[in-house]
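Undergrad: Encoded as structure tokens, here's the structure I'll be asking about.
The values are calculated or read from the model by the stated rules, or taken from the named source; none is laboratory data. The structure displayed is predicted, hence computed values, not measured ones. When we count neighbours, we look across all protein chains shown, and the Cβ atoms used for this are built from the backbone with ideal geometry, even at glycine.
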Amino acid sequence: MASPELLLASHLGADCVIGHHPAGGCAIKNMHKDLDYQIEKFDKIGMLTPAIVDKLKKLKEHRKEEHYGFNYYRVTSFSEQLDIPFMNLHTTIDIITENYIADLIANNIERDDSIDELMCLLSKIKEIERSIENPRIVFGNKADKVGKVLPIFTHTPDIDLFNLYFRNGVNTIICMYPPKNIDVSCLDEVDKRIIGIGHMGGDSIGMNILLNKLSNEYNVKVTRVSGLL
Ligand SMILES: [Fe+2]
């Protein structure tokens, strides 16, 4: 959600705009803080060590400067002019998506199942079926066993972060799209697999869970635009 959607919201007479991708203000400024959730995540799967905490802190420091120079006010000033409240739910939605995928895997996939079976399961999620992007194997082969599977939707796909999980016992990572900083040398490493399920399909899973709750339980009329599937 950005300026065009705020204009559309004003045209439709909407009272509030909820975006997922940070568009400005504190949502961008504090984006690096979503790495804190990875500490919780490592802890949850029993892999947290002082070395991991240290690496995550370094990654966080590095990410902190990534948006330096960004125009933080461009979109937020538009919402002020139109007098439409504009909120952003980023990591919250990603956690909902991640939990949804984790439950799906826990209930349907065993360590000895193949990547192909995992892909079939993911393809049947309604948001993924609606998406123009099919799930794809970024690393690995259809016949490989999945081993320990971990969905990571709570951070921009990042090979440095993924390698931390791989080096600590995770075999298959499910994310939205291939990490931009991927290194082709990783292709030689065995027992490492990355599955992408598509960006907007993935984000829509968590958004729809929240928006359905809003419309069913709080008498809110929801209009879905801009890539929400
Ligand atoms: Fe996204």
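Undergrad: In contact with a helix residue (DSSP H, G or I) (Cβ under 6 Å, 6 or more places away or on another chain) and farther than 18 Å from Cys175 by Cβ: which single residue out of Asn88, Asn107, Asn71 fits that description?
TA: Checking each option against the conditions leaves just Asn88.
Undergrad: Here is a further query. Could you tell me how many of the residues in segment 9-41 are closer than 15 Å to Pro85 by Cβ and surrounded by 15 or more Cβ atoms within 10 Å (Cβ to Cβ)?
TA: 10
Undergrad: Take Ala51 and tell me if it is under 30 Å from Lys126 (Cβ atoms) and among the hydrophobic types (A, V, I, L, M, F, W, C).
TA: Judged against the criteria, Ala51 is not a match.
Undergrad: Turning to a different aspect of this structure: Return the only residue of Thr92, Thr97 being surrounded by fewer than 18 Cβ atoms within 10 Å (Cβ to Cβ), within 16 Å of the ligand (Cβ to nearest atom) and either free of Cβ contacts under 8 Å to residues at least 40 places away in the same chain or within 30 Å of Cys26 (Cα to Cα) (or both).
TA: Thr92
Undergrad: Moving on. Inside segment 147-166, can you point out the residues that are out of contact with any Pro (no Cβ under 9 Å at 6 or more places or on another chain), part of a loop (DSSP other than H, G, I, E, B) and either among the hydroxyl-bearing types (Ser, Thr, Tyr) or within 18 Å of Gly202 (Cβ to Cβ) (or both)?
TA: Result: Ile152, Phe153, Thr154, His155.
Undergrad: Filter segment 56-81 down to residues that are assigned to a helix (DSSP H, G or I) and out of contact with any strand residue (DSSP E or B) (no Cβ under 9 Å at 6 or more places or on another chain), then give me how many there are.
TA: Qualifying residue count for the region: 12.
Undergrad: Output the number of the condition that Lys192 fails; it satisfies all remaining conditions of (1) in contact with a helix residue (DSSP H, G or I) (Cβ under 8 Å, 6 or more places away or on another chain); (2) away from the ligand (no atom under 16 Å from the Cβ); (3) closer than 21 Å to Lys124 by Cα.
TA: With (1) in contact with a helix residue (DSSP H, G or I) (Cβ under 8 Å, 6 or more places away or on another chain); (2) away from the ligand (no atom under 16 Å from the Cβ); (3) closer than 21 Å to Lys124 by Cα applied to Lys192, the lone miss is (3).
Let's see how each residue does on (1) crowded, with 17+ Cβ neighbours inside 10 Å; (2) at pLDDT 90 or above; (3) within 13 Å of Asp116 (Cα to Cα):
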| position | (1), (2), (3) |
| --- | --- |
| Lys126 | no, yes, no |
| Glu129 | no, yes, no |
| Pro135 | yes, yes, yes |
| Lys142 | no, yes, yes |
| Leu150 | yes, yes, no |
| Thr154 | yes, yes, no |
| Asp160 | no, no, no |
| Tyr165 | yes, yes, no |
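Undergrad: Checking the structure you have, find out if any residue of segment 167-174 is under 30 Å from Cys16 (Cβ atoms), within 16 Å of the ligand (Cβ to nearest atom) and in a strand (DSSP E or B).
TA: Looking through segment 167-174, none of the residues is under 30 Å from Cys16 (Cβ atoms), within 16 Å of the ligand (Cβ to nearest atom) and in a strand (DSSP E or B).
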